[in-house]
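To start, the structure under review is shown below, and the notes come after it.
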Amino acid sequence: MAKKIAKQAKAGGPKPVEELSVKEAKAEHVRLELEIGQHDKRYYQQDTPVISDADYDALRRRYEAIEQQFPDLRTLTSLSNKVGAAPSGKFKKVRHAVPMLSLGNAFTEEDVTDFVDRIRRFLKLSEKDELVITAEPKIDGLSCSLRYEKGKLVVAATRGDGAEGEDVTANIRTIKDVPDALKGKDVAAVFEARGEVYMTKGDFIALNKRQEKEGKPLYVNPRNTAAGSLRQIDPKMTAARPLKFFAYTWGEASELPADTQSESVAVMKRWGLPVNALMKKCKSVEELLKHYRKIEEERAELPYDIDGVVYKVDRLDWQERLGFVSRSPRWAIAHKFAAEKATTVVKDIDIQVGRTGKLTPVAKLEPVTVGGVTVQNVTLHNEDEIARKDVRIGDTVTIQRAGDVIPQVLGVVLEKRPKSAKPYKFPETCPVCGSHAVREEGEVDRRCTGGLICPAQAVQTLIHFVSRNAFDIDGLGEKQIEFFFEKGWVKEPADIFTLEKRNGKLKLENEEGFGKTSVRNLFDAIKARSEGIALNRVLFALGIRHIGETNAIRLARHYGTMEALRDAAIAAGKGNEEVFAEMNNINGIGEVVAEAVVEFFKEKKNMKALNALLDEIKIEPMEAVAKDSPVSGKTVVFTGSLEQMTRDEAKAMAERLGAKVAGSVSAKTDYVVAGPGAGSKLKEAQKHGVRVLSEDDWFKLIGRK
Ligand code: IVH
């Protein structure tokens, strides 16, 4: 089977999504989820991306296409609400009143047409209805939210993971472009201006000239330099680096500045915020594309880096109706410019072993600059991918990297292949522990079978446990975990929390790199986490298959405590179908995830490790989402053909208000919203005595009518 897949891949790339069997789709969906998660981490937290923007987007698209084709898998949306990665910990954290999201991408003219068609369909617009969409440059910087209260700048935060960013107020205040106070009589009482902090090309070159003169290392590109400058601990350092700002949207606002995107930007300008002059209102796809081409032509002459054009629906009431899907708004999209290319030599192919035992091949490259950064590593994904591209050690390869994304190998320059280059043979044993590395039928990945005897997997499990979105313990990162593991001091999560007790013997302060103070700080940080940590973080930390951040939140919200979840999983594992069905029915969970949870709790060694952990930590009860909405915490089922909103719109709206949207009616359902043509679900509702609402009733209930 493995051979067959390799052949297919070689012949024409991955199988079309429509041809995947359910099993293949499931396997690929999970693989993509893990892979994308790793790239996110590399890109956002470690600043060491290994694949290009376009490659990354291709992975993301395939992931989304699979979910579309196999809607059951959509329950595994652990990536869907995720943007970027959590903040790095140097600064105070700021929770965004309104999340800072990302944009979907368009690469072709067809993608732009699809985007506009999708909007028209969603809003049920007729051909006569005019749809105005703005087009403006996509600035290659980093996004920030500037909160003004009574017109005064009170706090400025980076995007972070979208929900929580870093407090960079002191640094933002050093940017000349950013007004300390907004001017005008109509300034909203609370207004969060959002936009991009960037460095001009000229300032970047001048800065690097200074660096060169002083014999200091050169900066890579304006974007990374701007990001680094804004995240300086000392605001004086930020002040010494010339940064600028463009406002293009807003977060929390006590009043909207206007009725449209374009007028709102004009109002922000009037209030004293810098805005980009190249925004244009367009009335058709042709006009959008024309403006795109114009901006692309001017790109080289612009004083700042851009990497595409952003399109946004102009009417704000329509933006509101369109809402968001997973990590980005339906009402906006980024039309990216083509990626930059370069060629270089593959010096070696390294195999990395991940937490789940997956062997990932990484090409070690002769360093090359592309898209403004030096690239030395690029992932080759898996053995089929190596076979398909026939990448060999010694080969010259073309790589591509778009402005802000991870590089990818496009292909081999065959004319430059050295005679000695042999086809790459993927290892069949784990390079770390020597166990067999096997490839299951229908899987693209080869996995080490060593489990926890494989040091790579054990260490990766622990690294995951302390990662940003899990326990996030200051001073306990990859390096320290590797060190403790090698010493045999930390073999499983609970050991982290007993380190201090055991330190009388271990004497960590005597080890190189650990002074008395750092040991004290580390123990304090561990203790702080042990005294109270959110349930969803613990669930995510355990590394249960399919439990990403989003599913961890879903389970945590539903069960409230670890004990309740554990008891449910154990009961379900013993065959209690009702308990299993309850988990399966949690909005966004579903069978595959529920089974993974049950399997995890069935495994004796997991229970032992978990119980040991629970003896050491205190888990905080879970908070609900939008507590104050009339439907928060309620379970709603939509059925029949809705007339005032599409099904997607209805679902998105209900979820925004903190309701759970279920696919089927049970005694636990609070409301069934039924349009014309509702059938069996309506009957079920009557059977269970569930309240049935018309669309109008629904709008009244949520206070929209
Ligand atoms: S609008 C809901 N407009 O691109 C998100 N974003 O890839 C609204 N960006 O996170 C964002 N220029 O950091 C918008 N003119 C522009 C932009 C822009 C750059 C960035 C922004 C965003 C990222 C998404």
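Annotations
- Selection of first residues in the range 54-66 that are at pLDDT below 75 and of second residues that are outside any helix (DSSP H, G or I) and among the small types (Gly, Ala, Ser), restricted to Cβ pairs under 7 Å at least 6 apart or on distinct chains, gives the following pairs, ordered by first then second residue: Ala54/Ala339; Ala54/Ala402.
- Selection status of Leu153, among the hydrophobic types (A, V, I, L, M, F, W, C) and within 22 Å of Pro222 (Cα to Cα): no
- A single member of Pro49, Pro99, Pro87 is assigned to a loop (DSSP other than H, G, I, E, B), within 16 Å of the ligand (Cβ to nearest atom) and at pLDDT 75 or above, and it is Pro99.
- Scan of the range 252-265 for residues that are over 14 Å from Arg194 (Cα atoms) and assigned to a helix (DSSP H, G or I), ordered by number: Ser262, Glu263
Residues are listed down the side, and each one gets a yes or a no for (1) outside any loop (DSSP other than H, G, I, E, B); (2) out of contact with any Lys or Arg (no Cβ under 6 Å at 6 or more places or on another chain); (3) polar (S, T, N, Q); (4) under 25 Å from Arg355 (Cβ atoms):
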| site | (1), (2), (3), (4) |
| --- | --- |
| Gln400 | yes, no, yes, no |
| Leu410 | yes, yes, no, no |
| Ser420 | no, yes, yes, no |
| Val432 | no, yes, no, yes |
| Ala437 | yes, no, no, yes |
| Glu443 | no, yes, no, yes |
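- Positions within the range 387-403 being surrounded by fewer than 22 Cβ atoms within 10 Å (Cβ to Cβ) and within 27 Å of the chain's Cα centre (by Cα), in sequence order: Gly403
- Comparison of Tyr311, Tyr292, Tyr248 shows that the only residue that is within 16 Å of the ligand (Cβ to nearest atom), hydroxyl-bearing (Ser, Thr, Tyr), at pLDDT 95 or above and more than 20 Å from Ser143 (Cβ to Cβ) is Tyr292.
- Asn521 being surrounded by fewer than 16 Cβ atoms within 10 Å (Cβ to Cβ) and not aromatic (Phe, Trp, Tyr): yes
- Scan of the range 335-353 for residues that are buried (at least 19 other Cβ atoms within 10 Å of the Cβ) and in contact with an Asp or Glu (Cβ under 9 Å, 6 or more places away or on another chain), ordered by number: His335, Lys336, Ala339, Thr344, Val346
A quick yes/no check of all residues on (1) more than 16 Å from the ligand (Cβ to nearest atom); (2) without any contact (Cβ under 8 Å) to a residue 40 or more places away in the chain; (3) within 30 Å of Gly251 (Cα to Cα):
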{"residue": "Glu297", "(1), (2), (3)": "yes, yes, no"}
{"residue": "Ser328", "(1), (2), (3)": "no, no, yes"}
{"residue": "Thr343", "(1), (2), (3)": "yes, no, no"}
{"residue": "Thr369", "(1), (2), (3)": "yes, yes, no"}
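- Any hit, the range 565-586, residues being under 25 Å from Ala528 (Cβ atoms) and part of a helix (DSSP H, G or I): yes
- Failed condition for Lys358, given (1) modelled with pLDDT of 90 or more; (2) more than 13 Å from the ligand (Cβ to nearest atom); (3) surrounded by fewer than 21 Cβ atoms within 10 Å (Cβ to Cβ): (3)
- Residues that are touching a residue at least 60 places away in the same chain (Cβ under 8 Å), more than 16 Å from Asp305 (Cα to Cα) and over 21 Å from the mean Cα position of the chain (by Cα) within the range 221-235 comprise Leu230, Gln232, Ile233, Pro235, listed in sequence order.
- Close pairs from the range 669-696: first without any contact (Cβ under 8 Å) to a residue 60 or more places away in the chain, partner part of a helix (DSSP H, G or I) and not aliphatic (A, V, I, L, M), Cβ under 7 Å, at least 6 apart: Thr669/His688; Val672/Lys681; Val673/Glu695; Val673/Trp698; Gly675/Glu695
- Checking the stated criteria, Gly323 turns out not to satisfy the condition of being away from the ligand (no atom under 15 Å from the Cβ) and either touching an Asp or Glu at 6+ places or on another chain (Cβ under 7 Å) or farther than 17 Å from Arg60 by Cα (or both).
- His335 assigned to a strand (DSSP E or B) and within 14 Å of the ligand (Cβ to nearest atom): yes
- Any hit, the range 179-187, residues being farther than 22 Å from Glu263 by Cα and more than 16 Å from the ligand (Cβ to nearest atom): yes
- Among the residues of the range 106-156, the ones that are away from the ligand (no atom under 13 Å from the Cβ) and in contact with an Asp or Glu (Cβ under 6 Å, 6 or more places away or on another chain) come to 3 in all.
- Elements of the type helices (runs of 4 or more DSSP H) sitting completely within the range 154-251 and holding at least 2 residues that are within 21 Å of Leu302 (Cα to Cα): these cover 201-213, 222-230.
- Residues satisfying the stated conditions in the range 102-132, i.e. part of a strand (DSSP E or B) and either farther than 24 Å from His291 by Cα or in contact with a helix residue (DSSP H, G or I) (Cβ under 6 Å, 6 or more places away or on another chain) (or both): Asn105, Ala106
- Top-ranked residue of the range 182-205 - restricted to ones that are among the aliphatic types (A, V, I, L, M) and under 20 Å from Leu142 (Cβ atoms), ranked as nearest to the chain's Cα centre (by Cα): Val197
The values are calculated or read from the model by the stated rules, or taken from the named source; none is laboratory data. Because the structure is predicted, anything quoted here is derived from the model rather than measured. Cβ coordinates were reconstructed from backbone atoms using ideal geometry, including for glycine residues, and neighbour counts include every protein chain displayed.
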